[in-house]
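Report on the structure given below.
The values are calculated or read from the model by the stated rules, or taken from the named source; none is laboratory data. Bear in mind that the values here come from a model prediction, so they are computed numbers and not experimental data. Using ideal geometry, Cβ is built from the backbone for each residue, glycine included, and neighbour counts are taken over all protein chains shown. Each accessible area value is taken on the protein alone, full model and side chains, heavy atoms only, with ligands, DNA and RNA left out. Shrake-Rupley method; radii C 1.70, N 1.55, O 1.52, S 1.80 Å.
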Amino acid sequence: MNVSDTEVVWSILKSAGFENTNSISEADIVLIVTCAIRENAENKIWERLTYLKGRKRARTKRPLKIGILGCMAERLKHSLIEKEKAVDLVAGPDSYRDLPRLLALTENNQTAVNVLLSLDETYADVVPVRLNEDSVSAFVSIMRGCDNMCTYCIVPFTRGRERSRPIDSIVKEIQKLSDEGVKEITLLGQNVNSYRDTSQESFSLGNETKMAKGFKTVYKTKKGGLRFADLLDKVSLIDPDMRIRFTSPHPKDFPDEMLQLISERSNICSHLHLPAQSGNSKVLERMRRGYTRESYLELVNHVYDIIPDVALSSDFICGFCGETEEEFQDTLTLIREVKYSSTFLFAYSMREKTTAHRRYKDDVPSEIKLRRLSEMNQAFREVVAEKNETFHGKVQLVLVEGRSKRSDKFLAGRNDGNVKVIFPSIDIPVEFQSKTTSVIKPGDYVSVKITGSSSQVLKGEPLYHSSIPDFNKNLCEQMGLNHCKLSL
Ligand code: SF4
């Protein structure tokens, strides 16, 4: 989200005549885009600010202005300005359009602040300026904010209510990225699959939102609007050779029509992020996640039924308020049972303003949190190492990202399930069964036979250049797969 916000900020500033530089000594203004979700992220920003304050004091000729943007700006506006006297500008996540005015105010040595949250700001008409134009992939923000009130989370307070961009503006942006040669899009939002476009009257006739079985929300059921499945349908038709991913979803918003669409469209990746947070129903209730361990597992099994090859990932928090040893064991068994392909694991850090801060005690000692974090890591590593072994001998379609970090003689890319694949950089046939060969470049789709793995990567031999539709067609025909995605 921070990358996507930075691209929006840069687009707004570029239109207002600002230029960018990678060197702090050349810069007149340094803007830091921040995240307040975890204490650790905030600590890093405070360290960065201390460093920048030193640079600011050391400047003798041109002054250096420092600005804090995003979630942390909204959360800590008072201490940033009054207590720390650290910054010249503070702008919340819904105030980026106001940046040129705010920067002009700092010219008169005023501290400029705008942290108002909006009910409708989506930056729909701002075309983000990509920070890494060489990258084969791009992020597209489709909605902002969150209406869930998980007790541990600061996002609803720093990012405001859910609002979605009109579908047409998203389709236009993705079409442009496809024309520029981008091969993979990640649709972004705090609750990306709660997307709901109500921008036109004709969209308001839809039925009530269907939720996954056994899931509930703290807010009243919403009606009408074009939903995430409608958006996925439209964006996956733009370019059959462009992969579509999305993050971060809430498990409640996976209705069957969306799962069905993912199982049928070859360019919508069979990789779903299903953030569980805990494997214990009592902890989930204290977290106010709206589901039990049982309903989460029922959803997982349902997803496996509809998309058998799906790669699942998840977020887990250990050491949440009151978490007993027994409750934590349920998280370990869930990690082992679901067999995730990747996980984001965290020790709980209490955030001010959250419901947990008001209602519960952060009573799990930090050494226990750290021990549990390491046990979650260990459980996940064992599961994923076993899971990656099941790929041996299989052929995967890999989108090439660039050279492997370890050796120039190898290339790195990702399969459909978002697992990293390393393979030698050699010339290969330009297509299946062709005698003509060509080099492999970033942005190419390559068919790779997996020959080895670790808990972090798959290793393989590249076979031939391909495309998403050709790969699926060949694989289904040649290997007689029982699950075959439709080629568009
Ligand atoms: S769904 Fe829960 S964890 Fe995710 S952003 Fe919203 S409040 Fe935070």
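General observations
- Restricting attention to region 245-267 and to residues that are more than 14 Å from Ala212 (Cβ to Cβ) and not in a helix (DSSP H, G or I), the residue that is nearest to the ligand (Cβ to nearest atom) turns out to be Ser248.
- Boolean, Leu131 is modelled with pLDDT under 95, touching a Gly at 6+ places or on another chain (Cβ under 8 Å) and outside any helix (DSSP H, G or I): no
- Any hit, region 210-218, residues being exposed (fewer than 15 other Cβ atoms within 10 Å of the Cβ) and within 12 Å of the ligand (Cβ to nearest atom): yes
- Scan region 141-190 for residues that are more than 16 Å from the ligand (Cβ to nearest atom), assigned to a loop (DSSP other than H, G, I, E, B) and basic (Lys, Arg) and the total you get is 2.
- Pair list, Cβ < 6 Å and 6+ apart or interchain, from region 394-408 residues that are closer than 16 Å to Glu431 by Cβ to residues that are open to solvent by less than 40 Å² (accessible area, probe 1.4 Å) and in a loop (DSSP other than H, G, I, E, B): Val398/Asn415; Val400/Ile440; Val400/Asp444
For (1) open to solvent by 80 Å² or more (accessible area, probe 1.4 Å); (2) of a type in the set (Val, Ile, Thr); (3) over 24 Å from Ser95 (Cα atoms); (4) outside the structural domain of Pro156 (by TED's automatic domain parsing), each residue gets a yes or a no:
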{"position": "Thr6", "(1), (2), (3), (4)": "no, yes, no, yes"}
{"position": "Gly17", "(1), (2), (3), (4)": "no, no, no, yes"}
{"position": "Ser25", "(1), (2), (3), (4)": "no, no, yes, yes"}
{"position": "Ile37", "(1), (2), (3), (4)": "no, yes, no, yes"}
{"position": "Ala41", "(1), (2), (3), (4)": "no, no, no, yes"}
{"position": "Lys44", "(1), (2), (3), (4)": "yes, no, no, yes"}
{"position": "Leu49", "(1), (2), (3), (4)": "no, no, no, yes"}
{"position": "Lys61", "(1), (2), (3), (4)": "yes, no, yes, yes"}
{"position": "Leu64", "(1), (2), (3), (4)": "no, no, no, yes"}
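- Within region 105-126, the only residue that satisfies the criterion of being open to solvent by less than 50 Å² (accessible area, probe 1.4 Å) and on the phi > 0 side of the Ramachandran plot is Tyr123.
- Only strands (runs of 3 or more DSSP E) whose full extent lies in region 269-384 are considered here, and the ones with at least 3 residues that are crowded, with 22+ Cβ neighbours inside 10 Å and not polar (S, T, N, Q) are 271-273, 311-318.
- The single condition from (1) in a helix (DSSP H, G or I); (2) away from the ligand (no atom under 16 Å from the Cβ); (3) open to solvent by less than 30 Å² (accessible area, probe 1.4 Å); (4) not assigned by TED's automatic domain parsing to the domain that holds Lys220 that Met72 fails is (2).
- Selected residue [open to solvent by 20 Å² or more (accessible area, probe 1.4 Å), part of a helix (DSSP H, G or I) and either outside the structural domain of Asp241 (by TED's automatic domain parsing) or out of contact with any Asp or Glu (no Cβ under 9 Å at 6 or more places or on another chain) (or both)] from Lys387, Lys405: Lys387
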